[in-house]
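Beneath this line is the structure, given in structure tokens, with notes to follow.
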Amino acid sequence: MSQTALFLGGTGIISWSCVNRALAEGFEVSVLTRGQSRLRPLPDAVELIRADVRSVGAAEALAGRKFDVVADFLSFKPEQLAHSIELVKGRVGQYILIATAAAYKRSAHLPVVESTPLVNPWWEYSRDKIACEDLLTGLMRSQDFPGTVVRPAHTYDAGLLPCLGGWTDIARMRAGKPVIVQGDGTSLWVLTHAADFARWFVGLFGDARAIGEAFHITGDEVLTWNGIYLELARAAGVERPQLVHVTSDAIAAEMPELGPGLIGDRMHSVIFDSAKVRSIAPGFSQTIPFGRGAREIVEFHDRHPELQVVDPTFDAASDRLAAVAAPVWQAA
């Protein structure tokens, strides 16, 4: 008899790939979500439970049902997690919380391992995810709740551009305009395609060794931000992109909404040690380097003109920052 997996959320960048992977691995998959995604439609084989996870409808739909695995992509605050756990408590073999690798303390100690302290005073999103981990850990210790924590890093698919300005940056490259890159562009970063993430993630399903443990799941390819923008430029058909290096503080001052995620995450170098997840899901490796992923992203957006949205606010802010920045760095 097939094992059952319930996804709380299943149409997002990471969760959609994980749903498809779970189906491929033979799981009977149910997805609780408020609605379908036009860009990431759920396969016909999925049982769709259309409800808000925090609604009476969700409680009624899940009442009395048992699942071997519950993958929670919808808990961003501890009160949300507490509610979701109550929906399935006592009727789940493994409850996987999607946390974040942005919660690790940024320091000079690389590579990052799962025991690296969780500290992020700059970004509320990370602090809330840490609080979710604390809640789940408390339940694991006091009630033997079968929890597993998974911390994704910067994960993308064809529908997501990992640069600061999204499609606005690609449009600027193609128009010959300067594109803003934080710092000097040489800090180290790791990008993971959602399909690669999903292979490791589903590899943890139903494995007793994963209960009570935390894992980050990231690729092995280490890139600089200059390199990331260059790969996107090549994919967009731009041979010599003009990259303007601007301090993270200056970008945050010009665009405050970017400040917490930039200063609390992207401005710091990261390299992750993936030995722990490999010990549970051996044989898996990163199969999609970012050069290939960048082509996939740009080709997907070129096929979907409706996604080619230029943000006028970011576009204007890029012009202002470029005007007062150091001379343009142009790839040879």
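The values are calculated or read from the model by the stated rules, or taken from the named source; none is laboratory data. Keep in mind that this is a model prediction, so the values were computed, not measured. Every residue, glycine as well, gets a Cβ built from its backbone with ideal geometry; the counts of neighbours run over all protein chains shown.
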For residue 323, are the conditions met, namely being under 15 Å from residue 170 (Cα atoms), of a type in the set (Gly, Ala, Ser) and out of contact with any Leu (no Cβ under 6 Å at 6 or more places or on another chain)?
no
Name the single residue, out of those in the range 287-332 being assigned to a loop (DSSP other than H, G, I, E, B) and at pLDDT 90 or above, that is surrounded by the most Cβ atoms within 10 Å (Cβ to Cβ).
288
May I ask you to verify whether residue 65 is more than 29 Å from residue 301 (Cα to Cα) and part of a loop (DSSP other than H, G, I, E, B)?
yes
Any idea which of (1) surrounded by 14 or more Cβ atoms within 10 Å (Cβ to Cβ); (2) assigned to a helix (DSSP H, G or I); (3) in contact (Cβ under 8 Å) with a residue 24 or more places away in the chain is the one residue 284 doesn't satisfy?
(2)
Return only the number of the condition from (1) of a type outside the set (Gly, Ala, Ser); (2) under 21 Å from residue 288 (Cβ atoms); (3) in a helix (DSSP H, G or I); (4) out of contact with any Phe, Trp or Tyr (no Cβ under 7 Å at 6 or more places or on another chain) that residue 231 does not satisfy.
(4)
Of all residues making up the range 52-78, the number that are more than 20 Å from residue 214 (Cα to Cα) and either of a type in the set (Ser, Thr, Tyr) or free of Cβ contacts under 8 Å to residues at least 24 places away in the same chain (or both):
6
Which of the residues belonging to the range 136-156 are under 21 Å from the mean Cα position of the chain (by Cα) and among the aliphatic types (A, V, I, L, M)?
136, 149, 150, 153
Of 217, 211, 228, 251, which residue is crowded, with 22+ Cβ neighbours inside 10 Å and either in contact with a Pro (Cβ under 7 Å, 6 or more places away or on another chain) or in the same structural domain as residue 112 (by TED's automatic domain parsing) (or both)?
217
Quick check on the range 249-267. Is at least one of its residues part of a strand (DSSP E or B) and not β-branched (Val, Ile, Thr)?
no
Per the filter on the range 3-21, residues within 18 Å of the chain's Cα centre (by Cα) and either β-branched (Val, Ile, Thr) or farther than 20 Å from residue 80 by Cα (or both) are 11, 13, 14, 16, 17, 18, 19, 20, 21
